[in-house]
Amino acid sequence: MAAPGAGLGAGKVQEDLHKLKMENINLKGTMEAVDISDLRTAPERTELGLRKCAENYLNTISGQVLPVCSAGNKEVNSKEPPKWALPSGASQKQLVLPRVPVEPVTVQTCSKAAPRVSQGSQQQVEMDIKIMLDPENMENKAGLKHQNDEIRLPLITKKKSAPMCSQKTGKGHTVATLWGFPAFPPVDSPLPLLEEDTPKGALSLTGQRLILPAAKITLQTPPVVSKAAPSQEFPRQHKKSAVGEIISSRLDPENTDTTTFPNSKEAISGTSSSSKGNTAALPSSSSVVSTRKSKPVRTYPAQQLECEGQIPSQTQPPQTPPCQSSQDPRLDWDIVVCHGTVDPRAPGFLALKQHHPLSWGSIVAFLEHAEKLLKDFSVPLATISGKKLARVASDFELDENPPESAILSVIKNQSTVAKILNRPGQSSKGRGGAEMAATKIQRAWRRHRAGKAAARSRRREWASGVIGASWRSWNHMARVKNTLREARHRHLENFCSRAKHLAANWNRIRTSRRTIIHIPSLGYSQRIREHIPDLALQQNMQMGRLCDILDANVDVIYICPLPLSEELLQYYNKLLGLQAAVRSGNPEAMGDLQDRFRILTPEAINSFPHHMCLATQLKYSPKTIQRIQVLIQSRDAYVVGGVPHADDLAVADMLDVPVLGPGPEVAQLYSTKSGSKRIFASARVPTPPGESDIHSREQLIRALSQLIVDNVEVQRWVLKMNEERGGNGTAYCDVISHLECCHWLQKEWQSHGPEGWSRSQARELALVKISQELPGLLAQHVQPVNEKRFPTWEKFLQTFLTQGGVIEAFPFSSTVTSLTVDLLIEPTGEIRIVSSGDQLHAEGPFRSSGSSIPQRSVDPAVLNSLCWRIGDACRSKGVLGYFSVDFVAFTHPQTMEQQVWATDLDLCYSDQLALTQLLLYVTDGNVDCGSSPLEAPLGSQAVKSQWIQREGTKPPAPVSPRCAVASTQLRHSNLSGTSYNVLLQRCKARGVGFDLQEKQGTVFILYEDQKRHRLGLITIGEDLQGVLLTFARNLFIIHQEISAPNMQGETNFKMAIQDIEAILGVTAENKLKLEEEQPWEADALKE
């Protein structure tokens, strides 16, 4: 018989079965109209409903569990679990089992009955199903009363919370751990069931002895297969039970068609209130899936993502004992976000809301941003850690948009979600992705099109700007050039008109009071000036121009390219004040001539590049120009420049004075090496064999080959650039000695003779051979004079062909003398020789370092004849003012006669002329290069003549010939370590000085006091040999005074002494004589 409460329990069961049937019928009728969103929630409701109904029914039968086949039926989820009262004598220790949240499930349809059920059992199963589907049917109710069976339903009372002890936690992967149950009650006393015990299935009934332990349990393959779902940690531990293994072993091995649904957003929750304590999920037998081979499975995105390994499978989190507080910081609740949506009824969501009520607003706001991000990027599944969410969300305000990194930090499968977010094109797969992608594509295309149009517009605008700027610049440059052209044309016209006025009034001007403005400017082209070391110093080496005040009617304004210290100004004041003492022979009769000369330095010397010539610096120095205008006011004045430049005419135009010199164009044309050859050819003076205006390599080889064949006796050939000065653009090569056909050429030339050689066939053959050998020969054996500037033949040749140049023969003699003659073409056309001297070569045969004045190597009559012819040619070309001509004199080895060749022409004021002016000033002498050498009156006789004059008689003053050795290129690096006053005192103590009475001795020329590594020196005496020896002695003394034994310095003193020895031809006898008189001087000469 049934227990007293059996009737009430049966009634409840019948009511639940009736509700199940009605929902099942309704589900049948609307199955065709259900969409996919309803199917997502159907499996969970179906599984739970079937489980509850089946287990409730099995609780009523005696010890047998029947399989439930879902064929032809649709399960309905029961909305309310049955509430059965417990028997009055139920135990107070009740087992509380929470409901299980279900993962995506698999519904299996049975195609046939379980093979383990017998035919009789099959009938019983069908009867049981009828009873379950229609419990109100009286025929089905009668079937419950079997003659051998008796249904015994327990009495269900209201559930009361009971204390729960701490238990150990078991871990599993696919099958969750089972709870540990208390000991079985006696068989004769039924176990009271609670509300939550009814849906727990056969295992729970077996544990409560509602099913006999010895009963044979057969479980069919469950209609729904669930997976482990992430859930909150519950403080209850499980013990593994062997029943799970029994269930797994009894599952139907036959596989059926399987349909897999995505994870539901409405998982069945089993949380309880805080007053009832924490609850834990009990896995059902349907969570075990057969591992055998199954038929093809249709999966949805969430499951597919898990199957591909993109979202790792999650196991049931470890559970904590129920004795711990619900606020334990170790608790964590997982919130599953499926396709960007969070289920607000999920257990993790509700638990998180319960445990964090104060920060719930921030958490919800953070979750909304997370949902938006995951939905925008179509992330199928993401698991958010509640613990991290609560911690991170508290750092943001409600209206603050958290960054993507903050959202990723709370996601457990962060790496997988990050890969999805970073996947190209993923943002277009989310909500409104297609429209967004289309918008982006259109925006990108419009931006690209607009960018191209803007770039094209910018290019056109830039091009128009460049064209406009270029046009404005060109127009401005054209205007400036036109202005400069007009100004220079105006300057040239004024120059010509003033030159005519100067020529017409020259006889008056040169005898009247006048001012000479000396501008020692080197107006070479810029490419030449850039390679002149110490250009300002080179322009200041003509301090002898100040000595024009020797004429009492002349005042001098000297434009100095360097600022002079007070020490140098005092030195030149004293030097120029010696005029009265020199004339009287009395050293005490020194005068003050500071009002007769002015040394002015333009203020622009420090404002412009150092390679600008002095005339240009003066042009841009208005203060200096204004001062000069004041000094020359109401006086006749003219400018004496250096190398003519266009700015010389500009300065003269600003000062409104004429220039005693040629125009810049004339000077540039005839001051070149090729231009000088044209002047010499016009004057018909002898010149070295050569060729001018060479501008190509082929022309060079052809011309040099022809010259070698025509002049076989010439051993050395010289190449000179047109515009270079001082030997910088000169190179030489001993061609004959390096030719492979040299011996054959010499033999053929001697055999045919000078007259027959020009008509012989061997000459043509020699021309071919030489032309073939010359390119390689020149590359190997050409020697540039300035090796620092031109270290190789190719570099020299490139500059040579750029400027143009000449080829000329070097004199074929062992004794060659170079000399320089300075001439003046006055405005009236009169030609005068104002200076002459033999060159000194301290640094090689092609560089002049000084002169012996006057020259004594060529007959004055011959030299005068050559100079007159050259002067006439220059005058015919429009040359005016001072210019110099270089000659070489040698003895012909065959005729033994002296030959003189004109080699160079410089249309400028030379350094030698400045030294000559200083020589005449300190000796009060006179030089007539055409008839007699330099002569100077004796000072002592002059004093005597003055005494005789007081007696009434006027005897003629005797004169004595004088000569001098002068140099402006002396260089010594140790000079910078000694002041000029100390140097002059030391030299005076060693006998280096000037005797005013005898008008002989040594005079120093000081250029500047900044670097102080160069100086000029003039030694004056009666005979040339004595002057040369004195000059060498002076160099040795200076070297001794400024050098230490271990600091000899860099100097050219030694080379100058060696050149003097070569000139004198000092023999051993002369050296012995010198050693007897002054042994230390002989040692110096040996060095």
Search result, residues across the stretch 819-839 that are open to solvent by 10 Å² or more (accessible area, probe 1.4 Å), aliphatic (A, V, I, L, M) and under 21 Å from Leu919 (Cα atoms)
Ile833, Val834
Write out, first by first residue and then by second, each pair whose Cβ atoms fall under 8 Å of each other, whose residues are 6+ apart or on separate chains, and whose first residue, in the stretch 669-682, is in contact (Cβ under 8 Å) with a residue 12 or more places away in the chain while the second is in a loop (DSSP other than H, G, I, E, B) and of a type in the set (Ser, Thr, Tyr).
Lys677/Thr687; Phe680/Thr687
Considering Ala463, Ala487, Ala469, Ala478, which residue is assigned to a helix (DSSP H, G or I), of a type in the set (A, V, I, L, M, F, W, C), over 28 Å from Leu546 (Cα atoms) and open to solvent by 40 Å² or more (accessible area, probe 1.4 Å)?
Ala469
Which numbered condition Lys574 fails, given (1) within 29 Å of Pro587 (Cβ to Cβ); (2) basic (Lys, Arg); (3) surrounded by 14 or more Cβ atoms within 10 Å (Cβ to Cβ)
(3)
Is it the case, given these coordinates, that Val1027 is open to solvent by less than 40 Å² (accessible area, probe 1.4 Å), out of contact with any Pro (no Cβ under 7 Å at 6 or more places or on another chain), assigned to a helix (DSSP H, G or I) and among the β-branched types (Val, Ile, Thr)?
yes
Restricting attention to the stretch 798-844, the residues that are under 48 Å from the mean Cα position of the chain (by Cα), in a strand (DSSP E or B) and over 24 Å from Ser674 (Cα atoms) number exactly 0
The lone exception for Arg847 - which of (1) touching a residue at least 40 places away in the same chain (Cβ under 8 Å); (2) touching a Phe, Trp or Tyr at 6+ places or on another chain (Cβ under 9 Å); (3) part of a loop (DSSP other than H, G, I, E, B) it fails:
(2)
Enumeration of residues in the stretch 850-870 that are open to solvent by 40 Å² or more (accessible area, probe 1.4 Å) and part of a loop (DSSP other than H, G, I, E, B)
Arg856, Asp859
Which condition from (1) under 19 Å from Gln899 (Cβ atoms); (2) over 60 Å from the mean Cα position of the chain (by Cα); (3) among the small types (Gly, Ala, Ser) is the one that Gly756 breaks?
(1)
Among the candidates Leu1017, Leu1024, residue that is at pLDDT below 90 and within 23 Å of Ala1062 (Cα to Cα)
Leu1024
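The values are calculated or read from the model by the stated rules, or taken from the named source; none is laboratory data. Computed from a predicted structure; not experimentally measured. Note that each Cβ is placed from the backbone with ideal geometry, even for glycine, and that neighbours are counted across all protein chains shown. Please note that ligands, DNA and RNA were not included when accessible areas were found on the heavy atoms of the full protein model with its side chains. Shrake-Rupley method; radii C 1.70, N 1.55, O 1.52, S 1.80 Å.
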